[in-house]
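Worksheet: the structure to be examined is printed underneath.
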Amino acid sequence: MGKNFYRSTTKQLLTMSLYDHIYKLLPVPLQNLAVSTYGIFWYWLRFGGNYKSVENDYLERDRYTKQQWDFYQQQTLQKLLSICVQEVQFYRANWSQSQKQAALSGKLSNLPLLEKDPIRANPLGFCRQGHKPFPEVAAVTSGSTGTPIKTLWSASEVRDSLAVREVRSGRWAGVSFKLPRATFSGRMVEPDPDSKGPYYRFNQVEKQVYFSAFHLRPDTAHFYVEALHKHNIQWMTGYAVSFYLLAKFILEKRLEVPSLKAIITTSEKLTTEMRYIMQQAYGCRIYEEYSTVENALFASECQHGRLHVSPDVGIVEILRPDGSRCDPGEMGEVVTTCLMRSYQIFIRYRLGDLAAWDSEPCPCGREMPVIKEVVGRMEDVVVGPDGRQMVRFHGIFVNQPHVVEGQIIQEELDLIRVKVVPTSDFNQSDCLEIEKRIQQRLGASVKVIVETVSEIPRTKAGKFKAVISNLNSE
Ligand SMILES: [Zn+2]
């Protein structure tokens, strides 16, 4: 089971340790300058070189038919698999002779699934030998547990990851990277946890406000909204939960938000309730994006609210535990083969996500496959004493007006700890209601401990984890 999986946009997680170290020592105006100077390098890395032609390629493929997509994928896959057999140390060492034969004939389903551990242990073992790009860009997944996974990219692959976002997320939502935007990400924006603000920095080059996900609280929310006004922000993108929490604070405090075109959420699953609250607060439409730091897959929401998988980014499979393919509507494990990156290559990579296909054609006319829903992450599963498995367990906090934030920790099969950041009206009957809801779902034998806390700590990447499982094995 994957432990360490976070979705995010690549740009936010590039390794910047020396940069971070120096950044911490600077006063705020120089931090803004640093962000902008770094922004110039970034701008070149991401939007320079062949960016425009890559963007055009994505546009051209937007209306491909199913047959065209199949052909495109098979061609790209074939090339990639022969590179694996000839030039990638991990696959050369680990695939059997018959698997190598299958790879050379482009038969993906005969190849083994790839776990995260071997990548974690030796990220270079997945790279094409003798083709080290310059510059070689490193991105690191920053999980709360386990060792991060290091991914390695060429500049052209970085541009590719941005171009697909511009074309398939931005355009579909009526926005663009060229418009001023605000982002919540894992980036360390304000190093001091007790800072009195400001809780954002501004990158002049891209007209981008970076919000700190770590300082967002009811009493700081107005600083975030002020930044939107001050920098004429048109749209926002990043961590879904951070935008949701900001939305709640905006509604509670009746803060006035400037007119926004769209919000594109990444990272956490967007629930119906989150979408509703955010629409109320921001007055614009919310679009969901589903991707990974590795860019192993990419899916984005069209105007009809359907989540289309981009077949040129990766071949996505949804599998049953026995490895066979799920039928439409049937929940299974997401396994992906990244077609977009050909330097560090991941074949049949287990993401640790659960999802289902939707076989209904989309009224937008695009023939890219549609994911019905991303049900959850496998590590978000809560298990009952009788073995029943439940995802989206944090749904128990819906319509709990005295709960600002809640987190569920499964300590044992029959012990659930619930951390609650309460409002001043939170009382014993709220505790009983939480206990009741958990027992309704998992059985009356489950013990529930409700703890009130002043805050729920974020992971190192600034993420909020709704569910934590401390059960050791599956
Ligand atoms: Zn559509």
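The values are calculated or read from the model by the stated rules, or taken from the named source; none is laboratory data. The structure displayed is predicted, hence computed values, not measured ones. Here Cβ is always computed from backbone atoms with ideal geometry, including for glycine, and neighbour counts include all displayed protein chains.
If you go through the stretch 237-259 one residue at a time, do you hit one that is within 16 Å of the ligand (Cβ to nearest atom), of a type in the set (A, V, I, L, M, F, W, C) and buried (at least 24 other Cβ atoms within 10 Å of the Cβ)?
No, the stretch 237-259 contains no residue that is within 16 Å of the ligand (Cβ to nearest atom), of a type in the set (A, V, I, L, M, F, W, C) and buried (at least 24 other Cβ atoms within 10 Å of the Cβ).
Residues of the stretch 234-252 being touching a Ser or Thr at 6+ places or on another chain (Cβ under 8 Å), hydrophobic (A, V, I, L, M, F, W, C) and part of a strand (DSSP E or B), which ones?
MET236
To keep it simple, each residue is scored yes or no on (1) among the aromatic types (Phe, Trp, Tyr); (2) on the phi < 0 side of the Ramachandran plot; (3) more than 16 Å from the ligand (Cβ to nearest atom); (4) at pLDDT 95 or above.
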{"position": "MET331", "(1), (2), (3), (4)": "no, yes, yes, no"}
{"position": "THR337", "(1), (2), (3), (4)": "no, yes, yes, yes"}
{"position": "ARG341", "(1), (2), (3), (4)": "no, yes, yes, yes"}
{"position": "ILE347", "(1), (2), (3), (4)": "no, yes, yes, yes"}
{"position": "CYS364", "(1), (2), (3), (4)": "no, yes, no, yes"}
{"position": "ASP380", "(1), (2), (3), (4)": "no, yes, yes, no"}
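Pairs under 7 Å by beta carbon, first residue outside the structural domain of THR337 (by TED's automatic domain parsing) and closer than 26 Å to VAL137 by Cβ in the stretch 286-309, partner within 11 Å of the ligand (Cβ to nearest atom) and at pLDDT 95 or above, six or more apart or different chains?
Listed by first residue and then by second, the contacts come to nothing, as the list is empty.
Before we move on, is TYR58 in contact with a helix residue (DSSP H, G or I) (Cβ under 9 Å, 6 or more places away or on another chain), of a type in the set (Phe, Trp, Tyr), closer than 26 Å to CYS127 by Cα and at pLDDT 95 or above?
When the stated conditions are applied, TYR58 passes them.
Out of the strands (runs of 3 or more DSSP E) lying entirely within the stretch 398-462, which hold 3 or more residues that are buried (at least 19 other Cβ atoms within 10 Å of the Cβ)?
Counting at least 3 such residues, we get 403-412, 415-422.
If I ask for residues that are modelled with pLDDT of 90 or more and acidic (Asp, Glu), which ones from the stretch 382-426 would you list?
GLU411, GLU412, ASP414, ASP425
Just need a number here: residues in the stretch 266-294 that are assigned to a helix (DSSP H, G or I) and either of a type in the set (Gly, Ala, Ser) or within 16 Å of the ligand (Cβ to nearest atom) (or both).
Qualifying residue count for the region: 1.
Just to be sure I understand the filter: pairs with C-beta atoms under 6 Å, separated by 6 or more residues or on different chains, first member in the stretch 353-369 and closer than 14 Å to GLU301 by Cα, second member modelled with pLDDT under 95 and within 14 Å of the ligand (Cβ to nearest atom). Which pairs pass?
From the stretch 353-369, the pairs are ASP358/LYS372.
So for the stretch 264-279 (the condition being under 16 Å from GLU166 (Cα atoms) and of a type in the set (Ser, Thr, Tyr)), does at least one residue qualify?
Checked the stretch 264-279: at least one residue is under 16 Å from GLU166 (Cα atoms) and of a type in the set (Ser, Thr, Tyr).
Please go through the stretch 349-362 and pick out each residue that is touching a Pro at 6+ places or on another chain (Cβ under 9 Å) and more than 16 Å from the ligand (Cβ to nearest atom).
ALA356
If you check GLU115 against the conditions, is it modelled with pLDDT of 95 or more and out of contact with any helix residue (DSSP H, G or I) (no Cβ under 8 Å at 6 or more places or on another chain)?
no
Which residue, of LEU307, LEU297, is crowded, with 19+ Cβ neighbours inside 10 Å, within 16 Å of the ligand (Cβ to nearest atom) and among the aliphatic types (A, V, I, L, M)?
LEU307
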